[in-house]
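Down below is the structure, laid out as structure tokens.
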Amino acid sequence: MTELAFHNSATRQREIFAPIDPQHVRLYVCGPTVYDLAHLGNARPVVVFDVLARLLRRRFPRVTYVRNITDVDDKINARSQESGEPIAAITARTTADFHADMAALNCLPPDEEPRATGNIDRMITLIERLIANGHAYAADGHVLFAVNSYADYGRLSGRSTEEMLAGARIEVAPYKRDPGDFVLWKPSGDDLPGWDSPWGRGRPGWHIECSAMAWRYLGTDFDIHGGGHDLLFPHHENELAQSVCAFPGSRFARTWMHNGMVLVNGEKMSKSLGNFLTLRDLLANGPWAGEAFRLLLLKTHYRSAIDYTLDRLHEARGELDDFYALLTRGLPEPEEDDPLVAEMAEWALEPVADDLNTPLAVARLRDLRTLENVATVGGSATAVLSRVGRNWQPASGQAAAALRQAAGVLGLLSADPRTWRQGGADDGAAIEAAIAARLAARAARNWAEADRIRAELTAQGIVLEDGPSGTTWRRA
RNA sequence: GGCCCGAUGGCAGAGUGGUGAUGCAGCGGACUGCAAAUCCGCGUACGUCGGUUCAAUUCCGGCUCGGGCCUCCA
């Protein structure tokens, strides 16, 4: 089995993955701030790191995947003040929506999904440690992290403090000793959520929550930290600084992985730009849209930017149609431990181990599809086999089993194939009757009648496929 | 303005110091009563200018263009 290798943002290099504890791999990914529906860009890290988690679970005895819910944030407060809806209602509703949307993308839940508000005490502990260690100071009701107390500040995101100041045009709060200092704790008035603390009633700054939750569930040192590339600075830089300074001698995450942005019309999709499409908008295209979007994401390498278009979504759907067509054929089931099936599946997944090269893995899935089609429908697999460099001669059902197994690690092709192709209206019996009538007409060589029936079904959005083993149908 | 990343055929998108994957679209063929599905085959690409090398799309540098971060952001 090929070893795993990932591009580490912290070193800007591809590195062989060696977990701190090979018996227990630990992964942390930044989760959503629950103040509004998730958009397409929010979905990308969830899908990408879902694939990573599936891969890790396949390779290691135990994996703990933590993804937080940020349910205390000034955007949430602002939303509540605008709409009058209580904060708890906004966060509960948005969290439920998020879960539903991610399930529609076939993302598995993380092992732990802590909420920021459930970890305030941990954050306070961290802040106290930072003050005690000389890395933070209280000023004007706030507690700030002192950037110049940490020599490596800026190293993760690859920028010096001078560089950061050079371009910064933000106004600097008067209570900051250094313009780069960031807030760990800030005071809350009576109209805002707040918790008692040594510095008065207040609420946490943005970055401290992830440090607290990673510490609680994964310890001071763990294997992989993931998130969108736009979080690299300042969020991850600050998170790292806080955690390392709170626990001298620790290193926090060994590997940092960042996914590229989802673009629309060549520009980053974001709520502040207003050019976003929510998952709800996307899923309204049909029951196929969730998996089609997942495939669309996995057809591009996770670190590259990806431009979303509806055409590409339809293209991905068409590909899934082809895969599911094969899986509806009622193929023989190979033995559980069939070595050829295992070999083919392993081959297809090989690229995923190389910094999540899902586009190449998807291409290999297509080769397995061709092998199965050749085995069951007929034709020649010479082109595929020469490309693959093997002399596989799979019997009917073997390549399909390998396909399902490999696709499962990508979170694809796990729907019921018949539902995928024929789900929707409850008119299956009528369609089957029409197909039987057409077959009778064909048997009588009454082509006009047979074509009339087919045209009628086509008008209803039903596509017929005549195969060696009979006629099947699907919805267009 | 500072820092970082990218530029592959009509579109999307892997990969490699030496015959340039794959998908969609297009074209031709097999199969089919005709289609659809399936299989086979074909065409057009490595932004630009230099450098290193026997050889560069692949390594190095300049340029152009695009994107990201520097402010909330997946």
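The values are calculated or read from the model by the stated rules, or taken from the named source; none is laboratory data. Source: prediction; values computed, not measured. Cβ sites come from the backbone with ideal geometry, for glycine too, and all protein chains shown count toward neighbours. For accessibility, only protein heavy atoms count, side chains too; no ligands or nucleic acids. Shrake-Rupley method; radii C 1.70, N 1.55, O 1.52, S 1.80 Å.
Those residues that are open to solvent by 70 Å² or more (accessible area, probe 1.4 Å) and charged (D, E, K, R), I need them from the stretch A:425-451; list them, please.
Once the filter is applied, which keeps residues that are open to solvent by 70 Å² or more (accessible area, probe 1.4 Å) and charged (D, E, K, R), the stretch A:425-451 yields A:Asp426, A:Glu432, A:Arg442, A:Arg445, A:Asp451.
With the requirement that a residue be in contact (Cβ under 8 Å) with a residue 60 or more places away in the chain, near RNA strand B (Cβ under 9 Å from one of its atoms) and surrounded by 21 or more Cβ atoms within 10 Å (Cβ to Cβ), what does the stretch A:288-305 give you?
Passing the criteria: only A:Tyr302.
Could you please find all residues in the stretch A:391-424 being more than 14 Å from RNA strand B (Cβ to nearest atom), modelled with pLDDT under 95 and basic (Lys, Arg)?
Across the stretch A:391-424, the qualifying residue is only A:Arg418.
In the stretch A:215-236, what residues are open to solvent by less than 50 Å² (accessible area, probe 1.4 Å) and away from RNA strand B (no atom under 16 Å from the Cβ)?
Scanning the stretch A:215-236 gives A:Leu218, A:Gly219, A:Thr220, A:Asp221, A:Phe222, A:Asp223.
Looking at the stretch A:114-130, which of its residues are open to solvent by 10 Å² or more (accessible area, probe 1.4 Å), in a helix (DSSP H, G or I) and closer than 15 Å to A:Val34 by Cβ?
Residues satisfying the conditions are A:Thr117, A:Gly118.
Go through the residues of the stretch A:56-65 one by one and say whether even a single one is over 25 Å from A:Gly158 (Cβ atoms), touching a His at 6+ places or on another chain (Cβ under 8 Å) and either aliphatic (A, V, I, L, M) or open to solvent by less than 20 Å² (accessible area, probe 1.4 Å) (or both).
Yes; the residues of the stretch A:56-65 include at least one that is over 25 Å from A:Gly158 (Cβ atoms), touching a His at 6+ places or on another chain (Cβ under 8 Å) and either aliphatic (A, V, I, L, M) or open to solvent by less than 20 Å² (accessible area, probe 1.4 Å) (or both).
Looking only at residues that are in contact with a helix residue (DSSP H, G or I) (Cβ under 7 Å, 6 or more places away or on another chain) and of a type in the set (S, T, N, Q) in the stretch A:379-400, which one is most open to solvent (accessible area, probe 1.4 Å)?
The selected residue is A:Asn391.
Does any residue of the stretch A:258-278 turn out to be open to solvent by less than 10 Å² (accessible area, probe 1.4 Å), among the polar types (S, T, N, Q), in contact with a Pro (Cβ under 7 Å, 6 or more places away or on another chain) and closer than 30 Å to A:Ala18 by Cβ?
yes
Looking at (1) away from RNA strand B (no atom under 14 Å from the Cβ); (2) β-branched (Val, Ile, Thr); (3) within 30 Å of A:Leu52 (Cβ to Cβ), find the lone condition where A:Val388 falls short.
(1)
For the stretch A:343-369, what are the residues that are open to solvent by 40 Å² or more (accessible area, probe 1.4 Å) and farther than 12 Å from A:Pro394 by Cβ? Break it down stepwise before answering.
Applying the first criterion (open to solvent by 40 Å² or more (accessible area, probe 1.4 Å)) to the stretch A:343-369 yields A:343, A:346, A:350, A:354, A:357, A:360, A:364, A:366, A:369.
Listed by number, the residues that qualify are A:Glu346, A:Glu350, A:Asp354, A:Asn357, A:Leu360, A:Arg364, A:Arg366.
Every residue in the stretch A:452-467 that is among the acidic types (Asp, Glu) and either more than 10 Å from RNA strand B (Cβ to nearest atom) or surrounded by 14 or more Cβ atoms within 10 Å (Cβ to Cβ) (or both), please.
A:Glu456
Taking the condition of being surrounded by fewer than 18 Cβ atoms within 10 Å (Cβ to Cβ) and among the hydrophobic types (A, V, I, L, M, F, W, C), how many residues in the stretch A:14-36 meet it?
The qualifying residues number 3.
Residue by residue through the stretch A:37-47, note down the ones that are open to solvent by 20 Å² or more (accessible area, probe 1.4 Å) and in contact with a Lys or Arg (Cβ under 6 Å, 6 or more places away or on another chain).
A:Leu37 - this is the single residue of the stretch A:37-47 that is open to solvent by 20 Å² or more (accessible area, probe 1.4 Å) and in contact with a Lys or Arg (Cβ under 6 Å, 6 or more places away or on another chain).
Do any helices (runs of 4 or more DSSP H) entirely within the stretch A:374-442 hold 2 or more residues that are in contact (Cβ under 8 Å) with a residue 24 or more places away in the chain and over 32 Å from the mean Cα position of the chain (by Cα), and if so, which?
No helices (runs of 4 or more DSSP H) qualify here.
Confirm whether A:Arg364 is under 21 Å from A:Val51 (Cα atoms) and touching a Cys at 6+ places or on another chain (Cβ under 9 Å).
The answer is no for A:Arg364.
Show me the helices (runs of 4 or more DSSP H) found entirely inside the stretch A:267-369 where at least 2 residues are among the aromatic types (Phe, Trp, Tyr) and not assigned by TED's automatic domain parsing to the domain that holds A:Gly228.
Ranges flagged: A:310-327.
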